[in-house]
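Just below is one structure, and these are the notes that go with it.
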Amino acid sequence: MITLIKEIMNAKIIRYMLACLFIVQACYDDKGNYDYIRSNGVTIALNPVSKIAYLGEIYCYDPDITFTNVSDSVGFEYWWEYTGSSAAGGAYDTICKTRTLNFNPQETGEVWVRLCVKEQRTGVVTTSDILALNVQSSYGKGWMILGQDNDRTTLSFVRPGYEETEEGKKRIYTPMVDLYEKIFPEQPLGTLPVGLRQMLTWYDGAIMVLQKNSPLYLNGNSYKKEVLLDDEFVGGIPDQLEVKDFFNGTNVDIVLDKTGKMYVRNFMNVQGMYQALYTRDFTNIPSKYKGEELHIDRVIPTRPMYDYICGLYDAENSRFLWAGVAYSASVDVVIPSVMQTSASEYIDLTDLDGWELVFCGTHTGGSAYGQPRFVAIFKKGDVVKAQTFTAKSSPSYYNASSVSIIDVTLRDFSGKKYISENTKYYTLKTRGYMFFAEKNIVYWYDLTTGESYPFYTFANENASVVAMSSNPQESELGVVLDDGVFATLNIENDKLYSGERIYEKSGFGKVIDIDYKYPNYNVYNYRTNANNAD
């Protein structure tokens, strides 16, 4: 009897074991419905488990795989598969049948993939952790370089990034010279370029290419032409309009003509940062101040969507005016300055009294929300002064009737010995420094101490800096020179005295302007967030 019971139990155990093997094998055969079981013989390490990939560009990744028995390492089959995405579907589709991931993403968003390693002798499959690929536009964030080839407008791009090395992260750059021509060879961009500006909403963005004959917007992701500025005027384009500058505000945008006429559009109390692009038109009637037509020499930009005013330099009347760019419902957005300072010495912005504005730029050092902080360089004869001040909208940010000039400090400009009428200037937006360049030498100016220092000298003595810009975290200064060179300089605090060049590349032709491109206002606004660093 006991023997019979043992035989029955042994038969049940055998049948149970066979059933388990059948179920395990079925799991591997039907990999679309079940997770794989990990074996102890293979270990897959993904470090880190999140990577950046670019739309339309092959992304390769070689994971770290170790084997318990090294001699068995040749007897394996590999494949990468989707496990899902921020878009729809795609789970468990095979991407490639290789150990190295070879992936060509076709849409932006986050894609989740994993590596599967099957031991051919046993059929056991080991899977890796999920690798999250953040697929971004190839041209969504990086340095835009505007150039001119004869009369033809060119647009190049340099994408910064990092690669993992044995020594750690290494800074790399991907240059794309004359990028627009390569993408759209049958659709010329235009002629006679003037400058680059950006149009940013909270979730979107566009590139404004200023040209003498035909300013236009490019799509912020694809660079495809979207809208001509000429088509954005109610009642038709103003006579003989030649755009000198463009400013994107919170609710009011500004177009400045070469004659100093200023045209505006208003988003009618709908917050512009959330407004879809190209939904409002500019008036074709020039803005006036106290009934008189304006002739503005330059627009002094502030931080888009952050400050409620931007500066207007009225050289003809030797004064500063301001444009309310917040929620004013009026087409006439021009407001005056009011000096409210206890400083014993200052340059009066309501009447410059012979002082000529050389440069004025904004920065955030010590400024409150909606109260931009400025540094201005003034010249009278042989005297050059630097004045820092805060512009405060009064009585409220939203519908100001005047701008109070407070917190004024006036100094002799310590960089006077270095500058000429051709000097280029740039202020950082998150730190209290101004950079200026004369010929092939870059200098920096400390807004707190008022001291100036030589920073970096380019090798070509016959070249001159054309323009400068900074990356989101302001660790690098992007510089373009008239000999077609683009370079990045290390401007971290501990590098300001060492003059360290990170990268340099020639071949960009006749350069007109440079600007760091942001994909949307959200990234621009939170630029100091580690997730938005480049």
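The values are calculated or read from the model by the stated rules, or taken from the named source; none is laboratory data. On a predicted model such as this, the values are computed, not experimentally measured, just so you know. Positions of Cβ are backbone-derived with ideal geometry, glycine not excepted, and every protein chain shown enters the neighbour counts. All accessible areas refer to the heavy atoms of the entire protein, side chains included, with ligands and DNA or RNA removed. Shrake-Rupley method; radii C 1.70, N 1.55, O 1.52, S 1.80 Å.
Couple of notes before you dig in:
- Taken together, the residues in region 109-158 that are under 22 Å from Y203 (Cα atoms), modelled with pLDDT of 85 or more and open to solvent by 20 Å² or more (accessible area, probe 1.4 Å) amount to 4.
- The condition (being part of a loop (DSSP other than H, G, I, E, B), polar (S, T, N, Q) and open to solvent by 10 Å² or more (accessible area, probe 1.4 Å)) is satisfied by just one residue among S342, S337: S342.
- Restricting region 177-228 to residues that are closer than 22 Å to F282 by Cα and among the polar types (S, T, N, Q), the residue that is modelled with the lowest pLDDT: N213
- Residue that is most open to solvent (accessible area, probe 1.4 Å) [pool: residues in region 477-532 that are modelled with pLDDT under 95 and of a type in the set (F, W, Y)]: Y497
- Residue in region 303-317 that is open to solvent by less than 50 Å² (accessible area, probe 1.4 Å), among the β-branched types (V, I, T) and modelled with pLDDT of 95 or more present: no
- Every residue from region 359-386 that is more than 27 Å from A326 (Cα to Cα) and either touching a helix residue (DSSP H, G or I) at 6+ places or on another chain (Cβ under 7 Å) or surrounded by fewer than 18 Cβ atoms within 10 Å (Cβ to Cβ) (or both): K380, G381, D382, V383, V384
- From the options I172, I237, residue that is touching a residue at least 12 places away in the same chain (Cβ under 8 Å), assigned to a loop (DSSP other than H, G, I, E, B) and open to solvent by 50 Å² or more (accessible area, probe 1.4 Å): I237
- Scanning region 430-470 for residues that are in a loop (DSSP other than H, G, I, E, B), at pLDDT 95 or above and either small (G, A, S) or closer than 19 Å to I514 by Cα (or both) yields a total of 7.
- Residue list for region 190-199, restricted to those being open to solvent by less than 10 Å² (accessible area, probe 1.4 Å) and either in a loop (DSSP other than H, G, I, E, B) or over 13 Å from V255 (Cβ atoms) (or both): L196
- Condition broken by G140, with the remaining ones in (1) in contact (Cβ under 8 Å) with a residue 12 or more places away in the chain; (2) outside any loop (DSSP other than H, G, I, E, B) satisfied: (2)
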